[in-house]
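The values are calculated or read from the model by the stated rules, or taken from the named source; none is laboratory data. Quick caveat, the model's predicted, so the values are computed rather than measured. Note that each Cβ is placed from the backbone with ideal geometry, even for glycine, and that neighbours are counted across all protein chains shown.
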Amino acid sequence: MEGQPHENLEAVVTRATALGASDLLLFHYLGGGMTVRVKIDGVWRQASEYGEADAKRMLNRMKTAAGIATGGLLTPVDKDWKPTIAGHEQVIRVAAHPAANGEKIALRLQWDGGTLPLDQLGMNPANLYEYEQLLAEPNGLIAHIGPVGSGKTVLQYAGLGHIAGTEKSVSTIEDPPERILPGVAHMAINIDAGATFPVWMKSMLRGSDDVLLVGEMRDSETALSVLQLAKAGTLILSTIHANDNLTAIERLVEFTGHSRSSVVEATRGLVSQRLLRRLHKDCNGNGCEGCGQIGYAGRIPVHEILTVNAQFERAVTDGANTYQLREIATEYRAAHNLPTLLQDAQRLVDEGITDEKETRRVLGRGRVE
Ligand SMILES: [Zn+2]
């Protein structure tokens with residue numbers, strides 16, 4: 001599709017936002033010209049192409065506003081661009097990467113739809129009940145697990161929103177805060193100002209927070225502080241990039257150098273999430289104008305919860321291997337009617353909400369229980 005000549009990047013962002021896009025990917029070719037792709041419901045689509053003159057003008061304007069050098073980049077750059085879209089300032093994260101054949105620029109459109117209540121995420125009732133039980137714990141870690149783009153952040157914000165209405169003191173430490181919730185103190189990492197993660201955590205240890213959301217555990221320092229606080233009596237919600245719940249425990253062991261039993265002692269539960277595209281209702285997945293001939297519109301989450309009960313904790317202390325731990329987790333799920341990711345997805349296929357093809361795309365063949 002040919003992009004409209006002389007338009008600016010704000011117009012492109014406005015159109016993408018109207019389509020429900022979460023990201024834009026611009027590729028500016030060394031030989032001239034630029035392609036724009038949009039990510040909708042987790043899948044990229046080709047959107048438009050621009051000639052060199054338009055590409056240069058659009059990119060230079062955006063880069064100048066975001067504080068990125070307009071000449072050729074030598075190293076990756078991450079900045080915020082704050083354009084005015086429909087009368088409102090919007091914060092867009094820009095990641096610009098030099099490539100051998102041009103320049104790749106990813107724009108992360110911030111979702112400003114507020115925070116959905118926990119019971120409106122589309123969670124299966126048994127999982128919802130189990131997750132609420134975890135959120136009612138007085139202390140310990142609740143870890144949200146999944147790859148990039150699996151909706152972990154939306155889930156943990158919904159979880160935090162569920163707690164925030166209660167008589168508990170709730171704070172978050174993030175880089176940067178992604179949503180603002182009423183009654184919650186959102187603290188931002190600001191390395192230039194010296195407000196680094198360790199500085200925040202140190203003050204948290206002295207503080208009086210009952211519940212703390214830590215954006216992501218992506219390094220040793222963060223993970224160590226989280227375990228320390230979880231053991232000292234704070235309920236902590238955080239995320240880890242991992243493929244499944246048991247792998248996430250191993251990641252925490254690697255990050256912290258603690259023993260498995262020390263990690264598990266601090267952990268109340270692990271919640272894996274994936275997002276599946278919904279079949280478009282109007283066309284039953286056949287493709288129509290409303291869904292851009294894709295057949296899907298919107299997404300719904302599926303979950304697999306691992307609750308750390310006494311049996312699981314004892315098994316870890318006794319040196320159980322991954323296979324034995326998986327057995328215990330499976331027994332617990334069966335006793336509480338909780339599904340695996342694949343079983344949760346199968347329920348949605350049976351209900352006609354999504355299809356086998358989408359399940360396979362997101363979950364692969366899965367593990368046979
Ligand atoms: Zn359709």
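Scan segment 57-75 residue by residue and report those that are touching a helix residue (DSSP H, G or I) at 6+ places or on another chain (Cβ under 9 Å) and either surrounded by 12 or more Cβ atoms within 10 Å (Cβ to Cβ) or outside the structural domain of VAL91 (by TED's automatic domain parsing) (or both). Give the steps one after another, and end with the answer.
Step one: list which residues in segment 57-75 are touching a helix residue (DSSP H, G or I) at 6+ places or on another chain (Cβ under 9 Å), which gives 58-59, 61-62, 68-70.
Selection gives MET58, LEU59, ARG61, MET62, ILE68, THR70.
Would you be able to say whether some residue in segment 81-98 is under 15 Å from LEU25 (Cα atoms), without any contact (Cβ under 8 Å) to a residue 24 or more places away in the chain and surrounded by 12 or more Cβ atoms within 10 Å (Cβ to Cβ)? Even if it seems obvious, please write down each step before you answer.
The initial filter retains those residues of segment 81-98 that are under 15 Å from LEU25 (Cα atoms), namely 81, 92-98.
Then keep just the ones that are without any contact (Cβ under 8 Å) to a residue 24 or more places away in the chain; that gives 93, 95.
Filter once more, so that each one left must be surrounded by 12 or more Cβ atoms within 10 Å (Cβ to Cβ): 93, 95.
Yes, segment 81-98 contains at least one residue that is under 15 Å from LEU25 (Cα atoms), without any contact (Cβ under 8 Å) to a residue 24 or more places away in the chain and surrounded by 12 or more Cβ atoms within 10 Å (Cβ to Cβ).
Within segment 22-130, considering only strands (runs of 3 or more DSSP E) that don't extend past its boundaries, which have at least 1 residues that are among the aromatic types (Phe, Trp, Tyr)?
Numbers: elements: 34-40, 43-50, 77-81, 92-99, 102-109.
Result: 43-50, 77-81.
Looking at segment 343-361 only, could you name the residues that are surrounded by fewer than 19 Cβ atoms within 10 Å (Cβ to Cβ) and hydrophobic (A, V, I, L, M, F, W, C)?
Answer for segment 343-361, where residues must be surrounded by fewer than 19 Cβ atoms within 10 Å (Cβ to Cβ) and hydrophobic (A, V, I, L, M, F, W, C): VAL349, ILE353.
Pull up segment 166-181, narrow it to residues that are assigned to a loop (DSSP other than H, G, I, E, B) and touching a helix residue (DSSP H, G or I) at 6+ places or on another chain (Cβ under 7 Å), then point me to the one that is surrounded by the fewest Cβ atoms within 10 Å (Cβ to Cβ).
To start, the set of residues in segment 166-181 that are assigned to a loop (DSSP other than H, G, I, E, B) comprises 166-169, 175-181.
From the residues that got through so far, the ones that are touching a helix residue (DSSP H, G or I) at 6+ places or on another chain (Cβ under 7 Å) too are 178-179, 181.
Working: GLU178: 16, ARG179: 20, LEU181: 19.
The residue in question is GLU178.
Within segment 302-332, take every residue that is without any contact (Cβ under 8 Å) to a residue 60 or more places away in the chain and among the polar types (S, T, N, Q) and give me the one that is farthest from the ligand (Cβ to nearest atom).
Top of the filtered list is THR317.
Quick check on segment 285-301. Is at least one of its residues free of Cβ contacts under 8 Å to residues at least 40 places away in the same chain and away from the ligand (no atom under 16 Å from the Cβ)?
no
Given the residues ILE236, ILE249, ILE240, which is the only one that is within 17 Å of MET217 (Cα to Cα), free of Cβ contacts under 8 Å to residues at least 24 places away in the same chain, in contact with a strand residue (DSSP E or B) (Cβ under 9 Å, 6 or more places away or on another chain) and away from the ligand (no atom under 16 Å from the Cβ)? First the steps, then the outcome.
Working: ILE236 fails: free of Cβ contacts under 8 Å to residues at least 24 places away in the same chain; ILE240 fails: free of Cβ contacts under 8 Å to residues at least 24 places away in the same chain.
The conditions single out ILE249.
Out of (1) closer than 23 Å to VAL264 by Cβ; (2) in contact (Cβ under 8 Å) with a residue 40 or more places away in the chain, the odd one out for ARG179 is which?
If we test ARG179 against (1) closer than 23 Å to VAL264 by Cβ; (2) in contact (Cβ under 8 Å) with a residue 40 or more places away in the chain, just (1) comes out false.
So is THR256 touching a strand residue (DSSP E or B) at 6+ places or on another chain (Cβ under 6 Å), more than 15 Å from the ligand (Cβ to nearest atom) and either of a type in the set (Phe, Trp, Tyr) or in contact (Cβ under 8 Å) with a residue 24 or more places away in the chain (or both) or not?
Numbers: touching a strand residue (DSSP E or B) at 6+ places or on another chain (Cβ under 6 Å): no; more than 15 Å from the ligand (Cβ to nearest atom): yes; either of a type in the set (Phe, Trp, Tyr) or in contact (Cβ under 8 Å) with a residue 24 or more places away in the chain (or both): yes.
Answer is no for this residue.
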